[in-house]
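> Have a look at this one before I ask anything.
The values are calculated or read from the model by the stated rules, or taken from the named source; none is laboratory data. Worth saying up front: this structure is predicted, and the values here are computed from it rather than measured. Here the Cβ is made from the backbone with ideal geometry for all residues, glycine too, and neighbour counts use every protein chain on show.
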């Protein structure tokens, strides 16, 4: 089992690169973009079919059953309730609070505050900031599930804590993570999966994640050029890289919306291209999760497909990354 970009376990990644991975960057710029987005005018179709398989590692060992893999393939996500509980969950929640309460992180680039306050909304690169979360990133219950879904031993492309405080936590617009990672980070293909461990109870009133089942099979291109340093705005409130209302209306009419809910300790796995969003938290109960994006080594990021320059490393790690907060 390899999750290769943590300082606790820096290993050589397997030589699994596709032919494109060995193409020089100058030649990559000449390769036709399979998923064009951030367009200047509306495309002929609202979406295009997904080109990659959804589940790529059914033959590999891991914690997911064939029935669970079937559900993920059909819906683009899978919720596993009560994955972690008791003292283990208590320990993780204490570690989360320690990180979120660290004043040294508050004004750092990898710490994102709410649009209208200084309350931390997201803290990135937590598998580097915390030994315990580094261990969680390599836990077979998460990384092993990712292996079965993406078809190779994963590395952590991104990690973060998301925190939506009671009464004040803002929502997040509909989007596909892959659209952003492709356009702004240079992720070539849909070979990534997100693993979100919920750290507080998720219920219908505290802004749970909403997903459109089946949307992972359709790539929805977005309009609008990517501004310089777009991440400084988009991590607070995303305006670029948002699907059009017509496409969303048709997808919801076809597939509906689901919002997996449950007690703290549940795990939500969702495909990189599944459209998702969340409402504001108007309840007194905070909502938080620790979040890992697992990617295949042969799908590592290259030059952005639709942005002036790559985003900072804390948003898009490489397989052999040894990131530190001083960077």
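> Among the residues of the range 168-184, write down those that are modelled with pLDDT of 80 or more, more than 13 Å from the chain's Cα centre (by Cα) and more than 18 Å from residue 212 (Cβ to Cβ).
183, 184
> Is there any pair with a first residue in the range 69-83 that is in contact (Cβ under 8 Å) with a residue 60 or more places away in the chain and at positive phi and a second that is crowded, with 19+ Cβ neighbours inside 10 Å and part of a strand (DSSP E or B) whose Cβ atoms are under 8 Å apart and which are 6 or more apart or on different chains, and what are they?
76/211; 76/270; 76/271
> Exactly one of these conditions fails for residue 164: (1) closer than 30 Å to residue 66 by Cβ; (2) out of contact with any helix residue (DSSP H, G or I) (no Cβ under 8 Å at 6 or more places or on another chain); (3) buried (at least 22 other Cβ atoms within 10 Å of the Cβ). Give me its number.
Just one mismatch for residue 164, condition (1).
> Any residue in the range 249-257 that is touching a strand residue (DSSP E or B) at 6+ places or on another chain (Cβ under 8 Å), at negative phi and crowded, with 19+ Cβ neighbours inside 10 Å? Step through it out loud before you land on a result.
Here is the first cut: in the range 249-257, the ones touching a strand residue (DSSP E or B) at 6+ places or on another chain (Cβ under 8 Å) are 251, 257.
If we keep only those that are at negative phi too, we end up with 251, 257.
From what's left, crowded, with 19+ Cβ neighbours inside 10 Å: 251.
Yes, the range 249-257 has at least one match.
> From the list 103, 95, pick out the single residue that is surrounded by 16 or more Cβ atoms within 10 Å (Cβ to Cβ) and either at pLDDT below 95 or closer than 27 Å to residue 263 by Cβ (or both).
One residue alone meets the criteria, 95.
> Let me ask something else. Residues in the range 47-59: is at least one surrounded by 12 or more Cβ atoms within 10 Å (Cβ to Cβ), over 21 Å from the mean Cα position of the chain (by Cα), within 29 Å of residue 143 (Cβ to Cβ) and modelled with pLDDT of 65 or more?
So far as the range 47-59 goes, yes, one or more of its residues are surrounded by 12 or more Cβ atoms within 10 Å (Cβ to Cβ), over 21 Å from the mean Cα position of the chain (by Cα), within 29 Å of residue 143 (Cβ to Cβ) and modelled with pLDDT of 65 or more.
> Out of the residues in the range 274-294 that are at pLDDT below 95 and assigned to a loop (DSSP other than H, G, I, E, B), state the one that is nearest to the chain's Cα centre (by Cα).
279
Results for (1) buried (at least 22 other Cβ atoms within 10 Å of the Cβ); (2) under 21 Å from residue 160 (Cβ atoms), shown as yes or no for each residue.
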site: 182; (1), (2): yes, yes
site: 196; (1), (2): yes, yes
site: 201; (1), (2): no, yes
site: 213; (1), (2): no, no
site: 217; (1), (2): no, no
site: 225; (1), (2): no, no
site: 263; (1), (2): no, no
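> Another question, then. Out of 70, 139, 107, report the one residue that is over 17 Å from the mean Cα position of the chain (by Cα) and closer than 19 Å to residue 274 by Cα.
Exactly one of 70, 139, 107 is over 17 Å from the mean Cα position of the chain (by Cα) and closer than 19 Å to residue 274 by Cα, namely 70.
> Is the range 10-24 home to any residue that is assigned to a loop (DSSP other than H, G, I, E, B) and modelled with pLDDT of 95 or more?
No - not one qualifying residue is present in the range 10-24.
> Could you tell me which of the residues 239, 225 is closer than 17 Å to residue 306 by Cβ, in a loop (DSSP other than H, G, I, E, B) and out of contact with any helix residue (DSSP H, G or I) (no Cβ under 9 Å at 6 or more places or on another chain)?
Exactly one of 239, 225 is closer than 17 Å to residue 306 by Cβ, in a loop (DSSP other than H, G, I, E, B) and out of contact with any helix residue (DSSP H, G or I) (no Cβ under 9 Å at 6 or more places or on another chain), namely 225.
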